[in-house]
Amino acid sequence: MELHERISSQRGPVRDQEPFAELKNKVHMSVISELGPQLFNVSVDPNELRDRVTADVRRLLNDEPGIAREDRERLTSEILDDILGYGPLERLLADDSITEVMCNGPDDVWIERGGKLYETTVRFTDESHLRRIINKIVSQIGRRIDESSPMVDARLPDGSRVNAIIAPLSLSGPLLTIRKFSRRRLSMEDMINIGSLSEQSVEFLSRCIEAQCNVLEPFFLRSLLGPVPAAAP
């Protein structure tokens, strides 16, 4: 069963509108307008770009009266994530304990951790905000999503699986699922510990590799290469 199907009957009440939504969008668009192509120039140093964007965001927020310091810092961080990353999803994607992120709407974001589903406090400003993040993810992997092609199923550069659906295929607004993969390669010992392989099978497969026999199981190939000495042909 898909993740959105498992949580469809567990949705909580719709949350209140973000009080700074209009301001965030205004600052976001101003920075995009000012920096333009620099944001997508791969030759620009990422740290320098982040410093430049941070300075511009803070300058624009300082021109807005009546914002508390804590709100100002939070808004700066959130706008930076929107411009340079994947918006509200940034901290979820950076958490290695999270294996799946499900956006069932702008105010209905769930995660999977340890095989269990948890509702989060993460939310997008509105559907257009979620759609903007979807467009950004899709465009970075050389795909497009629009009314003529309302579904994308692809992989991010880190191997994570992305599935996005918009209208008219989706009747409830933009939907996004990101299935993350571990950044750490599983070793043979890991596979023994989780019960995927026995010690006897690991010994047999390792000897097959050392003897340069044909191995048909491509799923295990990366782990099987572990016992091979670096100087081996």
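Odds and ends about this structure:
- Ordered by the number of other Cβ atoms lying within 10 Å of each residue's own Cβ, fewest first, Phe20, Phe181 fall into the sequence Phe181, Phe20.
- Proximal lysines to Lys136, defined as alpha-carbon separation beneath 22 angstrom and excluding residues fewer than eight positions away on the same chain: Lys24, Lys26, Lys180
- Between Leu171 and Ser198, the simple label model (points 7 Å from Cα in the Cβ direction) yields a spacing of 5.1 nm.
- Between Ser206 and Asp71, the distance separating the two model label sites (each 7 Å from Cα on the Cα→Cβ line) works out to 6.1 nm.
- Global form of the stretch 3-179, assessed from the alpha-carbon gyration tensor, a/c cut-off 1.5: prolate
- Phi-derived couplings, Karplus 6.51 cos²θ - 1.76 cosθ + 1.60 at θ = phi - 60°, listed residue by residue for the stretch 69-86: 4, 4, 5, 5, 5, 5, 4, 4, 5, 5, 5, 4, 4, 5, 7, 9, x, 10 Hz, with x used for Gly and Pro.
- Sites Phe181 and Arg59 - FRET efficiency at Förster radius 30 Å, r taken between beta-carbons, to 0.05: 0.20
Every number here is computed from the coordinates shown, using simple stated rules; none is lab data. Remember, it's a predicted structure, so these values are computed and weren't measured experimentally. Glycine also receives a Cβ, built like all others from the backbone with ideal geometry; neighbour counts cover every protein chain displayed.
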